[in-house]
Structure formats: C-alpha cells, structure tokens
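Visitor: Below you will find the structure I want to go over with you.
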Amino acid sequence: MIASFAYPLVAGFAILAIALAAVAAERHLVLIILAIELIFLSSTVLLVYFFAERGAESAEALLLLTAIWAVAAVEAMALITFYAYMKTSGQRFDVSLLSRIKG
C-alpha cells in the first residue's frame with residue numbers, strides 16, 4: 001500500500017511515463033504536442049509535491065510555478081501559431097510529412 005503522502009509523487013511520475021510513451025509512439029503532431037503538455041503538467045505536480053515536502057516559502061514556490069506556467073503558455077501559443085500556419089497552407093498534421101514545410 002502506498003503512503004498517502006506519496007500519491008502526488010506516483011501520479012506525477014505516472015503522467016510523465018504516459019507522456020513520454022505518447023511522444024515515442026505517436027506520429028501525429030497534435031498528439032505529440034498534447035503529450036508535451038502532459039510533461040508540463042507532470043513537472044508542475046512534482047514541483048508542487050517537492051515544495052510541499054520541503055516546506056519552502058510560499059513566495060519561492062509561487063515564483064517557480066509562475067515560471068513553469070509561463071513556459072507552458074508560450075508553448076501553447078507556439079502550437080496555436082504552428083497549427084494556424086499548417087491549416088492555412090493546406091498541410092497535413094503527420095510528422096513524417098513535415099519535411100515538405102521546409103522548402
């Protein structure tokens with residue numbers, strides 16, 4: 001039986017494992033980007049657990065979480081921009097076909 005304080009730790013690593021498996025297995029761009037978002041979610045869960053166990057000052061934890069969320073927001077904006085570009089140019093969302101975008 002898992003101790004109750006370890007549930008966030010197990011959940012964080014489970015989410016990370018699922019996301020890494022999805023990145024390794026999928027060829028569809030949108031699914032890969034969603035798996036990367038899961039990696040961000042996993043890092044947030046694990047950092048919250050780390051700061052809760054460590055007893056860090058709330059300002060320090062808030063600063064770090066704000067930085068994580070800012071990176072995730074930038075990544076989401078990049079995804080939306082890339083999606084809009086591919087949609088308007090008539091490209092498919094298969095990773096194996098992305099070499100056509102270069103030229």
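The values are calculated or read from the model by the stated rules, or taken from the named source; none is laboratory data. Keep in mind the model is a prediction, meaning the values are calculated, not measured. So basically every Cβ, Gly included, is an ideal-geometry build from the backbone, and we count neighbours across all protein chains shown.
Visitor: How do the pairs read when you match residues in segment 68-80 that are part of a helix (DSSP H, G or I) with residues anywhere that are surrounded by 11 or more Cβ atoms within 10 Å (Cβ to Cβ), using Cβ under 6 Å and keeping only pairs 6 or more apart or on different chains?
Guide: 68/44; 72/40; 79/33
Visitor: Follow-up question, since we're still on this one. Quick one: what pairs do we get from segment 22-33, first residue outside any helix (DSSP H, G or I), second modelled with pLDDT of 75 or more, C-beta under 8 Å, 6+ apart or different chains?
Guide: 26/32; 26/35
Visitor: Only one residue in 59, 35, 73 is surrounded by fewer than 16 Cβ atoms within 10 Å (Cβ to Cβ), at pLDDT 80 or above and farther than 17 Å from residue 7 by Cβ, so which one is that? Spell out the reasoning first.
Guide: Numbers: 59 fails: at pLDDT 80 or above; 35 fails: surrounded by fewer than 16 Cβ atoms within 10 Å (Cβ to Cβ).
Result of the check over 59, 35, 73: 73.
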